[in-house]
Amino acid sequence: MRMHRVIEMLLLCGALAGTAACGRRTARQPQPTLDPVANLDRAMRDFRHGKFRQAQAGLQRLTFEFGTGAPELAQTRYYLAECSFQMGEYVQAASDFRRVADDFSTTEYAPLALLRAGDANLRLWRRPELDPSYGETALALYQELAGRYPESDAAGRARLHVRRLENQFAEKAYKTGVFYFRRKAFDSAIIYFKDVIANYPNATRAPDALLRLVDSYHAIGYTQELQETCAHLRRYYPNAARLDRTCPAAADSSATPS
């Protein structure tokens, strides 16, 4: 009887020891560690394969995994904005690209982010004739890019947009000025012609706006302003059409509008 009790006790102890050992083995099993760089590579693969929603989710998590000083954070934030752009979420993309340019201004992603922020605003500019705000914002971003990073490839691409947008805005202002000029509202016409000259001096309509400005000054007898405008025309646009007729050599009040 005593022998049976001893055996039972030994079996019980063995079972308890085994359970404790199992517990220890379970506790010692290594937990899987997160590798942010590997996760970034995975998100970039998703992006390159057009899986933008999936890439966006992965990149969003990585914004918390990378520390503020991590060099990969700029790339993560840039492509997170790019995912929004590719999915047509242009308001979000424009905002995120702007923050990338501001927060990582010394990285290679800053000029690209300014370029894409401008592109996102252009995509939002659906009714240029009614609301110019998105187009104006895009133009300002492209101009900022050209000023801050003039030697970057992004700035070279932005200059093409700048020329096109400046010509669009100059054309709109010029036509508005002509509208008032033909109705003899010369003061209003002058405002719009001056807008073309001041804000879009490189636009193809700039010399035309100056010529119309001369015509407006002649119509209301502003001799001094007429002479100054003719001098400006001769200096900066010597090959402008009808210059000699609008601004005779004397450049005085005898100039006659066509």
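Considering only helices (runs of 4 or more DSSP H) fully contained in the stretch 89-162, which possess at least 3 residues that are at negative phi and in contact with a Lys or Arg (Cβ under 6 Å, 6 or more places away or on another chain)?
The helices (runs of 4 or more DSSP H) meeting that bar are 90-103.
Any chance the stretch 176-184 includes a residue that's farther than 27 Å from E82 by Cβ, open to solvent by less than 50 Å² (accessible area, probe 1.4 Å) and hydrophobic (A, V, I, L, M, F, W, C)?
There is at least one residue in the stretch 176-184 that is farther than 27 Å from E82 by Cβ, open to solvent by less than 50 Å² (accessible area, probe 1.4 Å) and hydrophobic (A, V, I, L, M, F, W, C).
Yes or no, residue by residue, for (1) more than 19 Å from Y79 (Cβ to Cβ); (2) open to solvent by less than 10 Å² (accessible area, probe 1.4 Å); (3) touching an Asp or Glu at 6+ places or on another chain (Cβ under 7 Å); (4) at pLDDT 95 or above:
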{"position": "V100", "(1), (2), (3), (4)": "no, yes, no, yes"}
{"position": "E108", "(1), (2), (3), (4)": "no, no, no, yes"}
{"position": "A113", "(1), (2), (3), (4)": "no, yes, no, yes"}
{"position": "A120", "(1), (2), (3), (4)": "no, yes, no, yes"}
{"position": "R127", "(1), (2), (3), (4)": "yes, no, no, no"}
{"position": "A140", "(1), (2), (3), (4)": "yes, no, no, yes"}
{"position": "E144", "(1), (2), (3), (4)": "yes, no, no, yes"}
{"position": "R148", "(1), (2), (3), (4)": "yes, no, no, yes"}
{"position": "R164", "(1), (2), (3), (4)": "yes, no, no, no"}
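Does E89 meet the test of being among the acidic types (D, E) and open to solvent by less than 20 Å² (accessible area, probe 1.4 Å)?
no
Within the group R77, R42, which residue is basic (K, R) and in contact with a Lys or Arg (Cβ under 8 Å, 6 or more places away or on another chain)?
R77
Among the residues of the stretch 202-215, is any loosely packed, with under 14 Cβ neighbours inside 10 Å and closer than 23 Å to E129 by Cα?
Within the stretch 202-215, one or more residues are loosely packed, with under 14 Cβ neighbours inside 10 Å and closer than 23 Å to E129 by Cα.
Specify which of the listed residues (F104, F97) is under 12 Å from the mean Cα position of the chain (by Cα) and among the aromatic types (F, W, Y).
Among F104, F97, only F97 is under 12 Å from the mean Cα position of the chain (by Cα) and among the aromatic types (F, W, Y).
Would you check which residues across the stretch 229-247 are under 23 Å from R182 (Cα atoms) and not polar (S, T, N, Q) and list them?
Residues satisfying the conditions are C230, L233, A240, A241, R242, L243, D244, R245, C247.
The values are calculated or read from the model by the stated rules, or taken from the named source; none is laboratory data. As the structure is a computational prediction, the values presented were derived from the model and not from experiment. Counting neighbours? That spans all protein chains shown, and the Cβs are built from the backbone with ideal geometry, glycine included. Heavy atoms of the whole protein, side chains included, go into the accessibility calculation; ligands, DNA and RNA do not. Shrake-Rupley method; radii C 1.70, N 1.55, O 1.52, S 1.80 Å.
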